[in-house]
Every structure is written in C-alpha cells, then in structure tokens.
Ligand code: SF4
Ligand code: SF4
C-alpha cells in the first residue's frame, strides 16, 4: 500500500527517472551490459517529456517537496545530450537530481544544472586495467581522471553535493580496495564498496531457483561473491514488503514501470504511460503485478533491494 502522508495525497518514497536508455559499457553481470549494443534502447528522455513528467509529479505532490530525483536506472545518464536542461528543469520545480555514472565521459554542465545536483555516484570495478577492464572495459586511467574532473568542478563551484565511489567488489579485485579507498580519501569522495551481484533480475531469480545455465553458473562462481546470499535471504523479515512499491519509476520514453528491476521485454515491465494514467490507476498497477509474487517468495526482492556492503562482512 502506498503511504498517505501529506495533504491527503499519496507520497512515493523516491522517484527514479531513466533519462538515458543507452549505456556504453559491457558489464557482463548487468542486464544492460550483457545485451548486445544494437539491441539496447537508443532513446534519451527529451526536455519536453521530462518537463511534463516533473510538472505532474510536483503538481500532484507525488513526492515530498525538495526531494532528490534519481535520473538513472539501467542507462548511463551522462550520455543524454540534454542533461543540463533536465537538471535545470528539475530545479525549476525545486527538486535536486541524483546521478550515477560510469565516468567514462566527463561532460560540461551549466552552472545552474550543477547547482541542482544533489549527489553523484561513480561506479567503479577496479583500480588497474586488468581488474577494471574485466568488467567495465574502459581505460581506467581516463575514468579516474574524469572522476577527479567532476570533483574539481564541484570544489571550484563550492558545490557540497555528496560524491560517492560505488566500488563493485568481485573475487578478483579485493586487492584494489585499499587503493580505491585512498583515491577517494584524496579526492573527498565517500567510499562504498559492496559485493557485486547479478545486476539482472532474471538471473537473480534463476540463481535462487538453481536454474542458471551451467556455463553462467560457473562463471558467476568464479567472479561473484555470493557466499552470503543464502544466509542473507534467510534473514528476510516475514511479510517483507518490497520498498519498490513506494518508488515511482519511469523510463526514458515515459513508461511507468513496475520497479527498477523488472527488465525490458518482460510482460510486467511497463504498466502504461505515466502521463496517461490517473493516480489511482498508478497505485493499483504498482501493487498488483504478477511478477512480484515469485520475486517476494524467492527472497529476490529482499536481496536486490538490500545490497551487501563489503565492510559488513570482510575485515581488510
Ligand atoms: S553496470 Fe552500469 S555501466 Fe555497467 S553496463 Fe550496466 S548500466 Fe552500464
Ligand atoms: S517484488 Fe520484485 S518485481 Fe515486484 S516491485 Fe519488488 S523488486 Fe520489483
């Protein structure tokens, strides 16, 4: 049930707007990364559509005023050529924006856009070409330079938005963690290492059902730290309620989605166009998707919504 909290209007806990369906990386444990480049979405959200969506969210008080809207889900937001415009539009409605980037590119944003950034995450999978190149595949030196460029820009403009390196811990990159932490410390970046997993809902379900194809299972066993999963899922509260029910998730074409994880092509991916649905229709659709039953029963909902920080398990 969506919470009813202010002014008698339903309020979502968070809003996720995918502004770029495209991503330029090939991370193999990610549903986007393992999809052939030409089969991925090539769409970017336009300022016009973004403006209509934000206006509606604001007018209908779907989220608390001055919230930070996440402008990413399964794509690389920095690839959107209108990124400055989108950040500025969000600011016109007194929202901040959050960005998560693979830092393969540094883009110049307008001052107004930069001042509307509420946080930025840098997604990193290693500190050497051997480790980083194995997942993201870009030139790691260039990526680290781009991250530093973001930091310099923020510092020059005295932008206090938190910046965080989300470090994906694999079996083969534990030795990079100290260096990554030192890099973050030197650049005033928060460091968040977590155990990389299937960034891929269908593979998560298959793993839990023990129905992954043998070759994928072997590769996962070699690369992913999955030792904690069984115990972790056993700790899921009874009657666990998926937090995604309280999230408003919209893709780059304006489709309202079940959540951040059900992939494109799945019958429950889209619930309809956000601008064509009444609020009661949105609420009803959000809580009545067939796919949620299996996801909750298997514990996938608990797993995918509650990533496992490295520090909670491992002492370096
Ligand atoms: S993990 Fe991020 S950077 Fe890698 S393919 Fe997926 S969306 Fe792109
Ligand atoms: S239960 Fe699973 S499929 Fe349903 S909203 Fe939550 S994460 Fe998505």
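Only the coordinates and a few stated rules stand behind these numbers; no lab work does. Since the structure is predicted, the reported quantities are computational estimates derived from the model, not experimental observations. Cβ: placed from backbone, ideal geometry, glycine included. Neighbour counts: every protein chain shown.
Before moving on, here are some points about what is shown:
- For segment 45-63, the criterion of being over 22 Å from residue 282 (Cα atoms), within 16 Å of ligand 1 (Cβ to nearest atom) and without any contact (Cβ under 8 Å) to a residue 40 or more places away in the chain is met by none of the residues.
- Members of segment 238-250 that are more than 14 Å from ligand 2 (Cβ to nearest atom) and touching a residue at least 12 places away in the same chain (Cβ under 8 Å): 250
- Of all residues in segment 108-119, those being touching a strand residue (DSSP E or B) at 6+ places or on another chain (Cβ under 9 Å) and in a loop (DSSP other than H, G, I, E, B) number 2.
- Qualifying residue in segment 56-71 (condition: within 16 Å of ligand 2 (Cβ to nearest atom) and buried (at least 21 other Cβ atoms within 10 Å of the Cβ)): yes
- Segment 82-104 residues that are under 21 Å from residue 58 (Cα atoms), paired with ones that are within 16 Å of ligand 1 (Cβ to nearest atom) and assigned to a helix (DSSP H, G or I) (beta carbon under 6 Å, 6 or more apart): 99/77
- Here segment 197-218 is the region considered, the condition is being in contact (Cβ under 8 Å) with a residue 24 or more places away in the chain and out of contact with any helix residue (DSSP H, G or I) (no Cβ under 8 Å at 6 or more places or on another chain), and the residue that is surrounded by the most Cβ atoms within 10 Å (Cβ to Cβ) is 200.
- Filter result for the condition that a residue is away from ligand 1 (no atom under 16 Å from the Cβ), closer than 26 Å to residue 34 by Cβ and touching a strand residue (DSSP E or B) at 6+ places or on another chain (Cβ under 8 Å), over 255, 222: 255
- Filtering segment 293-309 to residues that are part of a helix (DSSP H, G or I), more than 19 Å from the chain's Cα centre (by Cα) and within 30 Å of residue 167 (Cα to Cα) leaves 294, 296, 297, 298.
- Considering (1) away from ligand 2 (no atom under 16 Å from the Cβ); (2) touching a helix residue (DSSP H, G or I) at 6+ places or on another chain (Cβ under 9 Å), the lone condition that residue 12 does not fulfil carries the number (1).
- Of the residues examined, residue 165 is not one that is in contact (Cβ under 8 Å) with a residue 12 or more places away in the chain, more than 16 Å from ligand 2 (Cβ to nearest atom) and more than 23 Å from the chain's Cα centre (by Cα).
- Spans of strands (runs of 3 or more DSSP E) in segment 4-101 with at least 1 residues over 13 Å from the mean Cα position of the chain (by Cα): 4-6, 68-70, 96-101
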